[in-house]
Amino acid sequence: EIDHFDPRHFGISPREAAGMDPQQRLLLEVCWEALEHAGIDPFSLYRSSTGVYMGISAHDYAHLQVRGEALSNISPHFASGVASSVAAGRISYVLGLNGPCLSLDTACSSSLVAVHLACEALRHGECSAAMAGGVNLILSPEPSIAFAQAGMLSVRGEVRAFDVGADGFVRGEGCGVVLLKRRSDAVRDGDRVLGWILSSVVNQDGASSGLTVPNGLAQQSLLREAHRRAGIKADQVKIG
């Protein structure tokens with residue numbers, strides 16, 4: 001229900017909302033929900049050094065707005081409505097946050113890299129808290145057609161990374177945001193804590209069998225470094 005958005009709740013006019021990428025709308029809603037879930041009044045963060053780190057890759061809505069339309073029909077809100085930078089910037093603007101603010105695109109890892117950068121900023125004292133996450137909506141068929149023609153999509157609709165039976169990936173939609181704080185600050189403030197992030201690491205696959213093909217050795221190296229920084233062994237990690 002991405003068309004169900006209450007613009008006036010966020011101080012946005014209906015006309016401007018119509019020009020906004022639904023991904024921007026969804027991020028605003030989920031950031032608000034994340035703060036409510038944490039028991040924090042969103043407006044209590046006004047002028048705080050809270051950072052915003054959001055992963056966003058798709059630009060489907062921009063294509064939809066200009067498809068078959070005359071250039072004279074472009075809305076004055078088009079540029080800000082589809083700009084990736086505004087996806088994070090609008091959150092800081094609406095809530096009055098003064099910490100670091102950035103949108104990033106590292107494809108499938110965008111939201112995880114956003115969390116990593118937020119953690120690093122907290123460790124270095126660049127912000128007092130950080131909202132981190134990502135959003136992806138599939139609104140037009142062109143990217144899926146291109147992926148299918150390249151043989152990148154799984155015929156079975158299953159993701160089996162590095163498995164002998166892997167036959168591609170599956171596109172997904174959604175939005176997720178977490179509110180991050182330094183452990184000492186969260187304990188001091190009596191926050192509702194869902195978990196601790198022991199470490200985070202980012203690297204690049206570099207050379208592999210193809211531009212879009214993962215490099216297993218590079219990802220093994222990343223996991224080993226993550227375990228080393230966290231001070232734990234691989235068999236201590238429980239999934240599920």
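The values are calculated or read from the model by the stated rules, or taken from the named source; none is laboratory data. Just so we're clear, the structure is a prediction, and the values are computed from it rather than from any experiment. Please note: Cβ atoms are built from the backbone with ideal geometry, for glycine as well, and neighbour counts cover all protein chains shown. When the accessible area is computed, the model is the full protein with side chains, heavy atoms only, and any ligands, DNA or RNA have been set aside. Shrake-Rupley method; radii C 1.70, N 1.55, O 1.52, S 1.80 Å.
L95 contributes an accessible area of around 10 Å² to the protein surface, as traced by a 1.4 Å probe with all chains present. Solvent-accessible area assigned to carbon and sulfur over the chain amounts to 56 percent, based on a 1.4 Å probe.
The 3J(HN,Hα) values that the Karplus relation (6.51, -1.76, 1.60; θ = phi - 60°) gives for the stretch 69-84 are, in residue order, 9, 6, 4, 5, 8, 5, 6, x, 9, 4, 4, 6, x, 10, 6, 4 Hz. Gly and Pro appear as x.
According to the square roots a ≥ b ≥ c of the eigenvalues of the Cα gyration tensor, what is the shape class of the stretch 106-240, taking rounded for a/c under 1.5, prolate for a/b larger than b/c otherwise, and oblate for the remainder? Because a/c hits 1.5 or more and a/b exceeds b/c, the stretch 106-240 counts as prolate. Shape class for the stretch 161-218, computed from the alpha carbon gyration tensor (a ≥ b ≥ c): prolate, with a/c not under 1.5 and a/b above b/c. Here is the list for the stretch 201-240: trypsin sites (Lys or Arg not before Pro) lying in DSSP coil, each with at most 15 other C-beta atoms within 10 angstrom of its C-beta, are K233, K238.
Applying the criteria of a DSSP loop state and at most 16 other Cβ atoms within 10 Å to the trypsin sites (Lys or Arg not before Pro) of the stretch 11-89 yields R47, R67.
Our estimate of slack between A83 and R156, defined as 0.36 nm per intervening residue step minus the Cα-Cα distance, is 22.9 nm. In the chain, a dipole from Cβ-located charges (positive for Lys and Arg, negative for Asp and Glu) runs towards its positive end, and of A121, H63, G157 it is A121 whose Cα lies farthest in that direction.
Exposed loop sites here mean chymotrypsin sites (Phe, Trp or Tyr not before Pro) with a DSSP loop assignment and at most 14 other beta-carbon atoms within 10 Å; the chain contains its longest site-free run at 47-161. Accessible surface for the stretch 62-184, divided over its residues, is 54 Å² per residue with a 1.4 Å probe.
Note on R229 and V193: the extension gain reaches 10.8 nm, defined as 0.36 nm multiplied by sequence separation minus the Cα-Cα distance.
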